[in-house]
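Before any comments, here is the structure.
A short reminder: the numbers here are calculations on the coordinates, not readings from a lab. Everything numeric here is computed off the predicted structure, so don't read it as measured data. FYI the Cβ positions are ideal-geometry reconstructions off the backbone, even for glycines, and counts take in every protein chain you see.
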Amino acid sequence: MVEITVTVNGAPQKAGVEPRTLLVEFLREQLRLTGTHVGCDTSQCGACTVHINGRSVKACTTLAVQADGQNVTTIEGVAAKDGTLHPMQAAFKEYHGLQCGFCTPGMVMSALALVERNRAATLTEDVIRAELEGNLCRCTGYQGIVRSVAAGAKAMGATVGKVE
Amino acid sequence: MYAFDYNHPKTTAEAEAAFKAGDDASFIAGGQTLIPTLKQRLRQPSHVIDLSGIADLKGITVANSMVTIGAGTCHADVAASADVRKAIPALAHLAAHIGDPQVRNRGTLGGSIANNDPAADYPAALVGLGATVHTSSRQITAEDFFTGMFETALNPGELVVRVAFPVPKRAAYQKFPNPASRYAVVGVMVAETAQGIRVAVTGAGPSVFRVPAMEAALAQNFSASAISGVQIPADDLNSDLHATSEYRAHLVGVIAQRVVASIA
Ligand SMILES: Cc1cc2nc3c(=O)[nH]c(=O)nc-3n(C[C@H](O)[C@H](O)[C@H](O)COP(=O)(O)OP(=O)(O)OC[C@H]3O[C@@H](n4cnc5c(N)ncnc54)[C@H](O)[C@@H]3O)c2cc1C
Ligand code: FES
Ligand code: FES
């Protein structure tokens, strides 16, 4: 067992983990934060996406020990304390960004990171599509997701180009 | 995943000592290759030694027509670096097209080249630009570094510390990405360097290789048409569910011409 302290959604969490524990297992099984999903075994689907120090990463391809001393944000840390949805979450609801919802936590976390990464330029549809490369959705066909991300980005104050 | 012990050294010396202390240790950088391998139980290291705390492996410097990148620098940082984009835009472009944003936020230059996946992008940049790999004990030219499929010149426990890329006169990289993983089915770097024209191909063969016939033709006439007749023998190329060796051989020519056209 290794002692780690990870700040998760703003609160320091001290815990003992086996070195082989994945970050996603730590979040889901030890902290019971089950919003972060596991959709594949091949590091490709992005359902497990969380932020470490503001950067999107796949929690299924990160060891919990690698998050020691870092700031982790999960989907549970995105809405306001009173439950008001974050503008990006609200946009997914409004623009049909989900059907079954399995990919949604990862999509929202990737969307938030891509808006921040592209603050300096106009966020185009091409950029949105390219930067969602690491997130798979088996239901929606992506059109609703792209529209949601564009609307969410606009609500977050980003400059957004035309989205079909 | 099998159990292992975990070390988090602060210096390369500590990392090397920790490697020697374990009977079958493995370094971990971004973990984007190692962790999937561990999850599939394809490896069972006794110790996993995390390189992320070693300051010597971090950072990007540009000086004297040389771009030097620490082994622990993630792909996203190379892609976003204003210095790299200015000095060697082709290198920033290559890094920006590895995998997806999450992979680029963790995967590192050192991990990519130490692993030497036949479909990895960076080997084409190192060989195409004539880079030098600085390890914990020596310097190795890129062509001597990549020795075969998943094989490098690194000795057990030897660390990649940084890679020095000479700034070329012009260079470009393009790949035909696997639509699912974004790994290169074929990727080609063409560069005009102080040592002449270099054409390096990844994805097609067991390990990165140069194409002397294209280099000679481009030295005479730097245009896509100059290499349109160069035949790539398919015999030693990779064949898998993504592409046959004949298809890859054809793609090398097509991609190389596109790359040349983009900077001619
Ligand atoms: C979904 C997905 C898509 C991907 N797509 C692409 C792609 O399009 N193109 C591409 O090129 N790659 C791709 N990759 C691989 C990615 O670039 C990895 O980051 C890279 O191959 C390994 O880097 P890492 O830092 O994660 O290494 P790790 O996984 O941590 O380590 C890999 C190996 O290198 C060794 N190692 C690490 N650092 C050093 C060092 N400094 N010195 C000596 N040995 C070291 C480790 O011991 C291990 O054996 C993809 C990966 C995933 C999961
Ligand atoms: S669970 Fe599929 S990428 Fe992490
Ligand atoms: S909404 Fe079902 S997987 Fe995306």
Inset, instruction - Report the calculated FRET efficiency for B:GLU192 and A:GLU125 (r = Cβ-Cβ distance, R0 = 60 Å), to the nearest 0.05. - result: 0.95
Inset, instruction - Please go through segment A:44-146 and write out the chymotrypsin sites (Phe, Trp or Tyr not before Pro) that DSSP classes as loop and that have at most 12 other C-beta atoms within 10 Å. - result: none
Legend entry - Dipole of chain B, positive end: most advanced residue of B:ILE113, B:HIS47, B:VAL62 [Cβ charges, Cα centre]: B:VAL62
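Any idea what the dipole of segment B:198-256 comes to, in debye rounded to 20, about its Cα centre with Lys/Arg Cβ at +1 and Asp/Glu Cβ at -1? Show your work: numbers first, answer last.
Working: 3 positive and 5 negative charges, 45 e Å.
Its charge dipole is roughly 220 debye.
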Legend entry - Relative contact order (percent, whole number), chain B, Cα cutoff 8 Å, 6+ residue spacing: 15
Inset, instruction - Assuming a ≥ b ≥ c are the square roots of the Cα gyration tensor eigenvalues, decide whether the protein assembly as shown counts as rounded (a/c under 1.5), prolate (otherwise, with a/b larger than b/c) or oblate. - result: oblate
Inset, instruction - Jot down the per residue volume, in cubic angstrom and as a whole number, of the convex hull over the alpha-carbon atoms of segment B:58-263. - result: 109
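Suppose every Lys and Arg Cβ carries +1 and every Asp and Glu Cβ carries -1, with no other charges. What dipole size does segment B:58-263 come out with about its Cα centre, to the nearest 20 debye?
Numbers: 15 positive and 15 negative charges, 141 e Å.
The dipole magnitude comes to about 680 debye.
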Inset, instruction - Quick one, could you list the DSSP H helices from chain B stretching 18 Å or more along their long axis (Cα atoms) with average Kyte-Doolittle hydropathy of -0.5 or above? - result: B:245-263
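Among DSSP beta bridges whose residues both lie in the protein assembly as shown, state the antiparallel percentage, nearest 5. Could you put the intermediate results ahead of the total?
Values: 50 of 60 bridges.
Around 85 percent antiparallel, to the nearest 5.
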Legend entry - Candidate aspartates and glutamates - alpha carbon under 18 Å from B:LYS169, same-chain residues fewer than 8 apart omitted: B:ASP83, B:GLU192, B:GLU215
Inset, instruction - List the lysines whose Cα lies under 21 Å from the Cα of B:LYS20, skipping any in the same chain that are fewer than 8 positions away. - result: B:LYS10
Inset, instruction - Give me the percent of DSSP beta bridges within chain B that run antiparallel, rounded to the nearest 5. - result: 85
Inset, instruction - Step through the residues of segment A:121-131 one at a time and calculate ³J(HN,Hα) from phi using the Karplus curve (6.51 cos²θ - 1.76 cosθ + 1.60, θ = phi - 60°), rounding each to whole Hz and writing x for Gly and Pro. - result: 10, 6, 7, 9, 4, 4, 5, 4, 5, 5, 7
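Within 10 Å of each Cβ in peptide A:48-58, how many partner chain Cβ atoms are there on average? Round it to a whole number, please.
4
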Inset, instruction - Take the alpha carbon atoms of segment B:168-192, find their center, do the same for segment B:26-55, and report the distance between the two centers in whole angstrom. - result: 27
Legend entry - Backbone N under 19 Å from the A:MET1 label point (7 Å along Cα→Cβ), restricted to segment A:30-52: A:30-32
Legend entry - Set of aspartates and glutamates near A:LYS58 by C-alpha distance (under 20 Å), chain-local residues within fewer than 8 positions excluded: A:GLU18, A:GLU25, A:GLU29, A:ASP41, A:ASP68, A:GLU76, A:GLU116, A:GLU131, A:GLU133, B:ASP50, B:ASP77, B:ASP100
